[in-house]
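Each value in this text was obtained by applying a stated rule to the coordinates, not by laboratory testing. None of the values given here were measured: they were computed from a predicted structure. Cβ: placed from backbone, ideal geometry, glycine included. Neighbour counts: every protein chain shown.
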Amino acid sequence: MTISNKVVLVTGANRGIGAATVKEMLKAGAAKVYATARDPKALPSFDDARVVPLALDITSDTSVAAAAAAAPDVDILVNNAGTLAFGNYADSDWSTIEDDMRTNYFGTLRVLRAFTPQFVARRSGTIANVSSVVGLSAIPLMAGYSA
C-alpha cells in the first residue's frame, strides 16, 4: 500500500500513537491528513498545511456522522482513538469497564460504519485499526481494555 498522495484520517491524533501516526503519514507523502480529536484545540501543532484539524468524538453518532460528511475524500482510515481505565473485572465499578467498551469497541465500530460506505461506493479504501497486545491476554487490572 502506498500512502503517497492519499488522504488519511487519524482518530485520536491529539497525542501518543495518533500524533505519531499523523507525522509518519506526512513523511510518507500523504496529500492530506485529517487529524481528529474531541477538541481540535488539543491537537499538537503539526506545522504542515496538509494537516486538517477535525472534531471527532467516536462515542457520539452525531460527531462521527459530521466527521464523515466533512471528510468525504478519505482513502485511508486509521482508527486509533481509545481509552484505558484501570480496574479489575471482578470488583471495579461497572461504568469503568463500560466506558472502555463504549470507546474502544463501539466507538471504533461507529467510525467504521460511517466511513465504509464511502470506500464501497468508490471501490477503494483502506482501514487500519490500532489495537494493543493487551487484547491477546486478559490483564485483570485492564479488564475493559483487554476485552
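Over the chain, the fraction of Cα-Cα pairs per 5 Å bin, rounded to whole percents and listed from the shortest bin up, is 2, 10, 19, 21, 19, 14, 9, 5, 2, 0. If you take the Cα centroid of segment 95-147 and the Cα centroid of segment 30-94, the two points sit 12 Å apart.
Would you order MET101, MET25, MET142, MET1 from fewest to most other beta-carbon atoms within 10 Å of each residue's own beta-carbon? Don't jump to the answer; show the numbers that get you there.
Working: MET101 14, MET25 25, MET142 21, MET1 7.
Lowest to highest Cβ neighbour count: MET1, MET101, MET142, MET25.
Taking a straight Cα-Cα cut-off under 16 Å and skipping sequence neighbours fewer than 8 places away in the same chain, the lysines within cross-link reach of LYS23 are LYS6, LYS32. When the chain is treated as a GNM with alpha-carbon contacts under 10 Å, the residue of VAL133, VAL78, VAL22 showing the greatest mean-square fluctuation is VAL133.
Applying the criteria of a DSSP loop state and at most 14 other Cβ atoms within 10 Å to the chymotrypsin sites (Phe, Trp or Tyr not before Pro) of segment 81-147 yields PHE86. Report summary: the helix-based calculation at 222 nm, which adds -39500 (n - 2.57) for every DSSP H run with n ≥ 4 and divides by the residues of the chain, gives -9500 deg cm²/dmol. Local charge for GLY87 was computed over the other residues whose Cβ lies under 15 Å away, with Lys and Arg +1 and Asp and Glu -1, and equals -4.
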